[in-house]
Amino acid sequence: MKSIPAGRDSRTVAGTNLEHARAHNRRAVIETIRLNGQLTRAEVARLTALTPQTVSNIAAELLDGGMLLAGEPMREGARGQPAIPLSINPDGAYSLGIQLDTQSLIAVAVDLAGQCRARVEAPVQRPDPQLALPLIEEVVGRLRTDSGIDWGRVLGLGLVMPGPFGVEGMSSVGPTTLPGWEEVDAAAQLERRLDLPVLLEKDATAAAIGERLYGRAAALRNFVYLFIGAGLGAGLFLDGRLYAGVRHNAGEIGHMIVMPDGRPCDCGNHGCLERYVSLRALYETLGLADDAELAARSLERPTPEICYGMERWLATAAPPLRQAINILESLLDIEAVVIGGFLPQALLEQLEQRLHPLPGSIRQSCGPRVLLGSAGRDTVALGAAALPIFDEFNPQYEVLLKV
Ligand SMILES: [Zn+2]
């Protein structure tokens, strides 16, 4: 296949197990159709560099399984067989996404097209596992009833909680983390309770995957997603794949020091990026750090005083963020930095405008260097729901190359 990265030598590919190759090709066909909306078999064959016969077999299997829909035949010129356009069947599969944070639990059920089919929200107060696990079970039951979807077609559940995971001295500090989860295998416990595959991710990573599946980053192979939540995290998408890091903690960019001797951080250092670029930093500037709920409401309908505070925050957030973008571009040679998260859309747009002019870097041409991603309360829950779909359908080269 053409799409195998150059540099993988033929010796490794020769060891490929046929089962893996079939699974990979199936994913490549689905992903290609998904990204293009609608394609004929001939177009799929051209774009995936698979043989027409292979595409035909896979398409037949996917049509049979209800994953694809066949459209009205299109006649291509005077000669030849009419071509049938294939598209993804939104009802071919479903996925659940849950975002659990210090104050709320948001749960969604989505279809293959990324449309939300049911949504449940429940307030929580820094929930520990004893409280959260039964609550998640109950909420999933409500999603099942409310959505009315074919439960047999649910691929799994994506669960997002604040990271970082399992880093002593970092994960268990600060108001943006949850207590009591250090020793708990949340995914395994939920799999037992729900009888569904469960994928656990950080908010930034899930939002990045959501953006790659359905959003602004659909066409990008190399990007960093900066997620402005209570803190600041990054999802690293490199060479078409998510980069997780050795201990699954890649992208904890919030604790990158941008101002030596700057504001103190819960991690013990000074001048960390998220002390300037995060909801928490914004709320502190507004004098509302102790009441996040009131702060969130104030942002929706800002008084002149809040507007003034937002201006002051933008002035302190933009310079370190600009610096971080310069570092990411210089380090990773990415196509773009996508910024999204829980900020109100209008404020996110203002922040983006304040970033320009960006410092010069190796990234000089080909499209915008900064893109605005999804914003708003459901961004992470929808990203969480994208995890099982991504896991099921994204062609991953390691799978193919496994011997
Ligand atoms: Zn820090």
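The values are calculated or read from the model by the stated rules, or taken from the named source; none is laboratory data. Just so we're clear, the structure is a prediction, and the values are computed from it rather than from any experiment. So basically every Cβ, Gly included, is an ideal-geometry build from the backbone, and we count neighbours across all protein chains shown. Side chains included, ligands, DNA and RNA excluded: accessible areas come from the protein's heavy atoms. Shrake-Rupley method; radii C 1.70, N 1.55, O 1.52, S 1.80 Å.
Of the residues making up the range 224-257, those that are more than 14 Å from residue 341 (Cα to Cα) and within 15 Å of the ligand (Cβ to nearest atom) are 249, 251, 252, 253, 255, 256, 257.
Of all residues in the range 70-104, count the ones that are at pLDDT 90 or above and touching a helix residue (DSSP H, G or I) at 6+ places or on another chain (Cβ under 8 Å). Total meeting the criteria: 15. The strands (runs of 3 or more DSSP E) found entirely in the range 78-164 that carry 2 or more residues being out of contact with any Cys (no Cβ under 6 Å at 6 or more places or on another chain), under 30 Å from residue 279 (Cα atoms) and basic (Lys, Arg) are 116-123. Taking the range 239-257 as the range and being more than 26 Å from residue 376 (Cα to Cα) and modelled with pLDDT of 90 or more as the test, only 257 passes.
Only residues that are within 17 Å of residue 382 (Cα to Cα) and assigned to a strand (DSSP E or B) were counted across the range 196-232, and they come to 8.
Name the residues in the range 258-281 that are within 13 Å of the ligand (Cβ to nearest atom), open to solvent by less than 50 Å² (accessible area, probe 1.4 Å), at pLDDT 90 or above and not basic (Lys, Arg), would you?
Quick first cut of the range 258-281, residues within 13 Å of the ligand (Cβ to nearest atom) only: 258-260, 262-278, 280-281.
Now narrow it down to the ones that are open to solvent by less than 50 Å² (accessible area, probe 1.4 Å): 258, 262, 265, 267, 271-278, 281.
Pick out the ones that are also at pLDDT 90 or above and you get 258, 262, 265, 271-278, 281.
Selection gives 258, 262, 265, 271, 272, 273, 274, 276, 277, 278, 281.
Total residues in the range 246-294 satisfying the condition of being of a type in the set (S, T, N, Q) and in a helix (DSSP H, G or I): the figure is 1. Test residue 301 against the criterion of being of a type in the set (D, E, K, R), in the same structural domain as residue 351 (by TED's automatic domain parsing) and within 23 Å of the chain's Cα centre (by Cα), and give yes or no. Against the criterion (of a type in the set (D, E, K, R), in the same structural domain as residue 351 (by TED's automatic domain parsing) and within 23 Å of the chain's Cα centre (by Cα)), residue 301 does not qualify.
Just so you know, in the range 180-217 the residues that are basic (Lys, Arg) and open to solvent by 70 Å² or more (accessible area, probe 1.4 Å) include one that is modelled with the lowest pLDDT, and it is 216. Only one entry in 372, 348, 343 is surrounded by 15 or more Cβ atoms within 10 Å (Cβ to Cβ) and in contact with an Asp or Glu (Cβ under 6 Å, 6 or more places away or on another chain), namely 372.
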